[in-house]
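Derivation of every value follows stated rules applied to the coordinates shown; laboratory data play no part. Being a predicted model, the structure only gives us computed values, none of them experimental. We place every Cβ from the backbone using ideal geometry, glycine too, and count neighbours over all the protein chains shown.
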Amino acid sequence: MKLNDVERAMLDGAEGPAIQRAMDLLLRYGEALGAERLVDTKNVCGTIGATTPFMRQYAEKPGGMDAVFSEFNLDSPTVVHVPKVRAFATHLQQGMDPDYAELQGITPEVVTLFKKGNAWSAGLGVQLMNTCTPYQVGNVPVKGEHCAWMESSAVIYCNSVLGARTNTEGRESTGAAMITGKIPYWGYHCDENRYGTHLVEVEIDVETTADWGLLGYYVGEIVQDRIPVLNGIRHVPNLPRLKHFGAAASSSGGVEMYHLVGITPEAPTLERAFGPKKPVATLRYGKAERRKAYELVNATAKDREIQYVMLGCPHYTIEQIWEAAKLLEGKHLHPDVSLWIFAPRVIKSLADQNGYTKIIEDAGGEIMTDTCSAMAKAIPKGTKVAAFDSMKQAHYLPAMMGIQGWFGTTAECIDAAVSGRFNGGLQ
Amino acid sequence: MSAIIDKVVLRGRKVVGGSCEGEALVTRDRVSGWGGIDPRTGTIIETRHQLRGQSFKGKVLVFPGAKGSSGWSNQFHIARLAGAAPLAMLFNEMTTKIALGAVVTHAPAMTDFDRDPLEVIETGDWVKVDADRGVVEVTKKLRGESA
């Protein structure tokens, strides 16, 4: 890989050992990819916290958070002092909501560690958004902006909906990018890799958030990590719908970019979406495919009696909290069921102001922030069966926690929270 | 019936340098990192995965590529620190997830083969990986021999 003079000096240690280690990692990573050079980035979305049990051991070492960053963000066995970040860097969801630590089964010692880590991160200049949806709380890259983001559901949104450019980075590469402002120029940074590969003819109405999740899950299952171009979308979606679509497509497959003809920024027409390329395959999405997606995601579900309803994967928007509050107003949860809704902290603050938090809490539910059940590995005690309005969560959480999981609409999930029984089904 | 040991040689590109030899664990399913493996044991946990319940610890993992969450590299990074990493990784599809994951796993890794390793290598075969030279030597498991 070719480095310019500035990058070469960074690698040689001119800007200190942390920058040197970061450049060493970026070089190894770039060469593994087969990249020819690095590109400057001023926009990073990553994670540097240490609340999972395995990482806590590192935070408790003499180097503290520097030791965590050195190992897990720079792949450096030597502990280096971490300088302030150069790029605008936003933190992803973490391992707990400190305000609900007890419910999430987290000890006061770990909460202390979490707060210490947060203060350390803030001191570096990392924005503590603590969300998988930075694009709804102040990190909204513009078309063409080179970014270094991780979190598959954020990456796919960044590339496809915003037209900004990022690969699916990881914890180590975003750590290196934060302090150097560099990332390998490869993959989705390059024009030629952003064109569609598969044509998807959408033959049925796709309108609700649940519909968009089913479509995403099916398309991801088929195209895996390629670039689907969806033609025939009759209803312009909104943020929550595309958030769900992308999260589903990146869970069942590894989709990092898609085009919606006439809707997303790099697909004003079908021709522009494919550019000089021809589709390698054409698939159709109709009733049978929708049913297939529903059956696949509900593979773990059998028992209808539920103990847990989890909403907010990816983190809920204020519009989704509003919807949940409307469905819950004046109702009470079944005594055996917990309802946890996950959202960014600033969105919860808005929900507080709007009175939605009170409505949800009066019904017996909670709005939690900074994390989710999968990140915190936290579910209510005694959960055997859960219901989700997220294809992504229904895909991952049952395997991670050894539970059954139903996917349903938000209304079906809230109904299950109130009745104690999941009565949903494919409509 | 022949007891002759079949050897097959593949050539590919180094992703991470180094050499090693060991038993192959082969899957046609892409591997998910975060939520797809238990990094402390190297066990695949994904619900519908061909290798569900099996561990890649100490094995030459042969697979199409990576999928799923961007926690991929971190999970394999933890697997290395927990002593549960694969011995080597041989794969077809280059992505940032797998490139970074392979780099932080510190195990020899290769891609861009002259023949599809998924066609040539079967679980239980003995595989010598020399990533620096770009060579993989496969000794086929004898028929009837228990894996």
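Taken one residue at a time, the phi angles of segment A:62-76 give Karplus couplings (6.51, -1.76, 1.60, θ = phi - 60°) of x, x, x, 5, 4, 5, 5, 4, 4, 6, 8, 10, 10, 6, 10 Hz. Gly and Pro are set to x. Computed over segment A:76-118, the quotient of the alpha carbon radius of gyration and 2.2 N^0.38 Å is 1.51. Counting only lysines at least 8 places from B:Lys128 when in the same chain, those with an alpha carbon closer than 19 Å to its own are B:Lys7, B:Lys14, B:Lys57, B:Lys59, B:Lys140, B:Lys141. Computed over chain A, the alpha-carbon pair-distance distribution with 10 angstrom bins reads 5, 22, 30, 26, 14, 3, 0, each value a whole percent. Annotated for segment A:5-189: lysine pairs at least 8 residues apart or interchain, Cα distance under 29 Å, count 16. Dividing the summed helix terms, -39500 (n - 2.57) for each DSSP H run of n ≥ 4, by the number of residues in chain A produces a 222 nm estimate of -12000 deg cm²/dmol to the nearest 500. Treating each Cα of segment A:5-189 as one equal point scatterer and applying the Debye formula with no solvent, the log10 of I(q)/I(0) at q = 0.09 Å⁻¹ comes out as -0.31.
Per the Debye formula with a single identical scatterer at each Cα and no solvent contribution, what log10 I(q)/I(0) holds for segment A:218-276 at q = 0.12, 0.14, 0.25 Å⁻¹? These q points yield log10 I(q)/I(0) values of -0.26, -0.36, -1.08. Among beta bridges from DSSP that stay inside the protein assembly as shown, the antiparallel ones total about 35%.
Once Rg and the Kirkwood radius are both taken over the C-alpha atoms of segment B:57-97, their ratio Rg/Rh works out to 0.96. Here is the tail figure for segment A:195-297: Cα pairs spaced more than 23 Å apart come to 13 percent of all pairs. Amide H to amide H distances under 5 Å link A:Trp406 with A:Ala386, A:Ala387, A:Phe388, where only residues 5 or more positions off or on other chains count and H is placed in the peptide plane.
If one computes P(r) from the Cα atoms of segment A:7-57, what percent of pairs lie at distances over 17 Å? In whole percent, the share of Cα-Cα pairs in segment A:7-57 beyond 17 Å is 55.
Can you bin segment A:302-404 into rounded, prolate or oblate? Criterion: square roots of the alpha carbon gyration tensor eigenvalues sorted a ≥ b ≥ c, rounded for a/c under 1.5, prolate for a/b above b/c, oblate for the rest. Oblate, since a/c reaches 1.5 and b/c is not below a/b. Over chain B, dividing the summed -39,500 (n - 2.57) contributions of all DSSP H runs of at least 4 residues by the number of residues returns a 222 nm mean residue ellipticity of -4500 deg cm²/dmol. The alpha carbons of segment B:66-147 stretch over 39, 28, 25 Å along the principal axes, in descending order.
Residue-wise HN-Hα couplings along segment A:202-211, as the Karplus relation 6.51 cos²θ - 1.76 cosθ + 1.60 with θ = phi - 60° gives them from phi, are 8, 9, 10, 5, 10, 10, 7, 4, 5, 4 Hz; Gly and Pro carry x. Of all lysines in the structure, those lying under 28 Å Cα to Cα from A:Lys326, and not within fewer than 8 positions of it along the same chain, are A:Lys243, A:Lys348, A:Lys358, A:Lys381, A:Lys384, A:Lys392. Only beta bridges with both residues in segment B:7-139 are counted; by DSSP, about 65 percent of them are antiparallel. I need the P(r) histogram for segment B:7-139: all alpha carbon pairs, bin width 10 Å from 0 out to the longest distance, whole percents. All Cα pairs, binned at 10 Å, distribute as 15, 52, 31, 2 percent. Listed by Cβ neighbour count within 10 Å, with the fewest neighbours leading, A:Cys147, A:Cys45 appear as A:Cys147, A:Cys45. Ordered by the number of other Cβ atoms lying within 10 Å of each residue's own Cβ, fewest first, A:Glu192, A:Glu221, B:Glu122 fall into the sequence A:Glu192, B:Glu122, A:Glu221.
Less than 5 angstrom separates the built amide H of A:Cys45 from those of A:Thr90, A:Ala148, A:Trp149, A:Met150, all sequence-distant by 5 or more or on a different chain.
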